[in-house]
Amino acid sequence: MNCAQKFRREKEIHQGVRSVKALIIVDVQNDFMPGGALGVPEGNDILPVINDLLKKSFDFIIATKDWHPKEHGSFALNHNKKPGEHVILCGKDQVLWPTHCVQGTKGSEFAHGFDTRKVHKVFYKGTDREVDSYSAFFDNAHLRATGLGDFLIENEIDEVYIAGLATDYCVKYTVLDALKLGFKTYIVADGCKGINLNPDDVDKAIKLMQSKGAEVVSSESISL
Ligand code: VGL
Ligand code: ZN
């Protein structure tokens, strides 16, 4: 049993103690909005949903930023290749993307219209040029942690609600790592949109997350 699971068990024993809940908003940045460098179709539709979620009484509100140096190994340009082609990066298959979310650029800022005033803490991912990082917890080669896992444990958080972009990449891998670390994990369905490089990628991602124990909820069903 890992730390978060042990903590949850102890709470269950002391009935009546409510769980500590965090909302994790993944990569809601300008470059992932329609028209952005790596625009997610209808990605802007989640903004009102996210802003409504922010009005609920989560104990913690966490956001992540995809935050690449311009030499990043996931960018097609840096390999003289086209987006969608593949390379090996840090020993792993890597699909190449258009240049996006470069540190300090307009495209890497939180999306225009995302009300960030209630965000307690921001975690940065994809900062190492040699490896990509879809999960908000670890890079794709599991070399480095972002600090999100420690933050959740230090703050005795045991339930996470995950929304953001993109369902079939960063949301998916963040959810899978949250489950592996033992957190009770909810995906807010209407608070996510996917890229669908293949037409059924989002459906497959949702099914995979569910099969590993994630619960799909709608934002309006969250009564906090
Ligand atoms: C993402 C592709 C590349 C994401 C980030 O946030 O889902 N996808 N970088
Ligand atoms: Zn990226």
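Readers should treat all values here as calculations from the given coordinates under stated rules, not as data from a laboratory. None of these values were measured; they are calculated from a predicted model. Heads up, the Cβs are rebuilt from the backbone with ideal geometry, glycines too, and the neighbour counts pull from every protein chain shown.
Key figures for this structure:
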quantity	calculated
Gyration tensor (Cα) of the chain, equivalent ellipsoid semi-axes in angstrom	29, 19, 16
Computed FRET value (nearest 0.05) for residue 210 with residue 105, which takes r as the C-beta separation and R₀ as 30 Å	0.25
The chain: calculated mean residue ellipticity at 222 nm from DSSP helix runs of at least 4, using -39500 (n - 2.57)	-6000 deg cm²/dmol
Farthest toward positive dipole pole in the chain [+1 Lys/Arg, -1 Asp/Glu at C-beta], among 80, 103, 196	103
Length added when fully stretched, residue 78-residue 112, from 0.36 nm per residue minus Cα-Cα	9.4 nm
Ascending count of other beta-carbon atoms within 10 Å, so fewest first, for 79, 112, 72	112, 79, 72
Under 19 Å from the Cα of residue 106 - lysines, other chains or at least 8 residues apart	65, 70, 125
Pairwise FRET efficiency - residue 221 versus residue 70, Cβ, R0 = 45 Å, nearest 0.05	0.65
Cα centre as origin, Lys/Arg/Asp/Glu Cβ charges: region 55-126 dipole, Debye	260 debye
Only Lys, Arg (+1) and Asp, Glu (-1) charged, at Cβ; the chain dipole about Cα centre in debye	340 debye
Per residue convex hull volume, Cα atoms of region 47-104, in Å³	134 Å³
Environment charge of residue 77, counting only residues whose C-beta is closer than 11 Å and scoring Lys/Arg +1, Asp/Glu -1	+2
Contour excess over end-to-end distance, with Cα ends at residue 17 and residue 52 and 0.36 nm allotted per residue	10.0 nm
Dipole in debye (nearest 20) - region 148-200, about Cα centre, beta carbon charges: Lys, Arg +1; Asp, Glu -1	220 debye
Calculated FRET efficiency for the pair residue 45/residue 119, C-beta based, R₀ 25 Å, to 0.05	0.80
DSSP beta bridges in region 113-224 [antiparallel fraction, %, rounded to 5]	10 percent
Where N is the number of residues in region 69-160, Cα Rg divided by 2.2 N^0.38 Å	1.23
For region 53-93 and region 95-173, distance of Cα centres in Å	8 Å
Cβ-based exposure ranking for 224, 181, in which fewest neighbours within 10 Å come first	224, 181
